Amino acid sequence: MELIVRNARLHPTDGRAGEPVDVAVEGDRIAAIRPRGQLKADGATELDAEGGLLSPPLVDPHIHLDAVLTVGEPRHNASGTLIEGILTWAERKRELTIEDVKRRARQAIHWEVAQGTGLIRSHVDVCDPKLTALRALLELREEVRDLVDLRLIAFPQDGILSFPDGPELMREALRLGCDVIGGIPHYEWTREDGVAEVHLLFELARETGKGIDLHCDETDDEQSRFLEVVAADTMRSGMQGRVVAGHTTAMGSYNDAYAFKLLQILRRGGVSIVANPLDNIALQGRFDSYPKRRGMTRVKELDAAGVNVACGHDSIMDPWYPLGRGSMLDAVGMLVHVGQMTGRSELFRAYEMVTTNAARAAEIDVWRVAEGCPANFVVFDCRDEAEAIRLRPAARWVVRRGKVVAETEPARAVVISGDHRTPVSFAPRG
């Protein structure tokens, strides 16, 4: 044994405290899981989880690493709208260089890894004849492979049919090494162009064998209904389980009868939905007075209908969202508030949206904490998944392929009254 994590509670806890266990790692695999105290060290490195949660790595299925950390460049998004963000980014991306993109993206990746993320799927803007951002992230993908799995999605920010040589740029991006095909049908000039774009995405999928992950109906317009086209093309192409639709915020404005129909065909089509609550709650509803829409897709209803739902971070300090620190626990924390998923069992279900469900959307074998599985996991300074969402605790240790790739010393608070010092953990304990 090379590494033993002692005194850990394993995901999924489902709210049951249970007795902590010890987890042993040999090479890049979990070699043994035993009741606490039954594993001999024999020279192995030992880490004491102190009753903390040992979970599969978090997954960020939707972010834009090419745009991270550009807030205020060349100007701030004064209106806070999606459209102003796109226009601001159009100005900033003219100044992109390989070094600029790699520097910012590497920093954001480090932020995510330090907080427990083991897989990142990043959209990268390919509406650029030079494909500068893509070339930078292709280089970075190899440079960070010891820290994180980085998958790249060819994303046509300005549309495919509405941008000069859009289809050719998409094909070139895929030829250069993008892992996934992206899209943005609601941003095309006409409804007909948007439908044609969706059909083109599936044509590219047939040509390349790659999956699809598109922005879809990211608007408050209840007439934006490209998601039904995506679901139909998925079934007709036999691509069930290989298609992801991000945002789908228009679903929050659909009438209930239409939404019910859509839920059924999404389930039949095996289309995964990625909500991005941090950006969605900030960007959508900007044209409303009151009542003001929440701006997020129907997470609870999708999940109840059997649709795979995941949660993404989307932006970190960029023209669309000036906040963020790369924490998937921040993202899922916003999701449970906006989606009203604060029931006890719902909190544990929401945690799956940044682990198991997100991994499924990313088309990877779901990481599990079990003997014989890859030694990829994170130890959080909390007792269970609901507490992780509430406290957003430190990731004590992040382990990838059996090696510790990040560690954080948790902050310790003490209240001082006279000569008496009372530790504060922010967790109720009997």
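Throughout, read-outs are computed from the coordinates displayed, never taken from laboratory work. On a predicted model such as this, the values are computed, not experimentally measured, just so you know. All Cβ positions, even for glycine, are placed from backbone atoms using ideal geometry, and neighbour counts span all protein chains on display.
Observations on the structure shown:
- 3J(HN,Hα) along the range 385-400: 5, 5, 5, 4, 5, 6, 8, 6, x, 5, 7, 4, 9, 10, 10, 10 Hz, from the Karplus curve 6.51 cos²θ - 1.76 cosθ + 1.60 with θ = phi - 60°, whole Hz, x for Gly and Pro.
- Comparing Gly209, Gly285, Gly402 in a Gaussian network model of the chain, where Cα atoms under 10 Å apart are tied by springs, the biggest mean-square fluctuation is seen for Gly209.
- The range 33-73-the range 158-215 distance, computed between alpha-carbon centres (Å): 35
- Taking Cβ atoms as reference points and 9 Å as the exclusive limit, the residues near Val244 contribute a net charge of 0, counting Lys and Arg as +1 and Asp and Glu as -1.
- Helical contribution to [θ] at 222 nm, DSSP H n ≥ 4, -39,500 (n - 2.57), averaged over the chain, rounded to 500: -10000 deg cm²/dmol
- Euclidean distance of C-alpha centroids, the range 222-280 and the range 356-430, integer Å: 33
- Nearest-0.05 FRET efficiency for Glu50 and Asp419, computed from C-beta distance (R0 22 Å): 0.25
- If you count Lys pairs in the chain whose Cα atoms are under 20 Å apart, skipping same-chain pairs closer than 8 places in sequence, the total is 6.
- Highest GNM mean-square fluctuation among Gln38, Gln284, Gln340, for the chain modelled with Cα contacts below 10 Å: Gln38.
- Positive-end residue of Val21, Pro319, Gly118, charge dipole of the chain with Cβ unit charges: Val21
- Residue of Ala259, Ala350, Ala114 that the Gaussian network model of the chain assigns the largest fluctuation, springs spanning Cα pairs under 10 Å: Ala259
- Neighbour cut-off at most 12 other Cβ (10 Å), DSSP loop, GluC sites (Glu not before Pro), the range 194-257: none
- In terms of other Cβ atoms within 10 Å, Arg293, Arg9 run from fewest to most in the order Arg293, Arg9.
- Cα-based helix-to-principal-axis angle, 328-338 vs the chain, degrees rounded to 10: 70
- Acute angle (nearest 10 degrees) that the helix 191-208 long axis makes with the longest principal axis of the chain, alpha-carbon atoms: 60
- The candidate values are (1) 50; (2) 36; (3) 29; the one derived from this structure for percent of Cα pairs over 35 Å apart carries the label (3).
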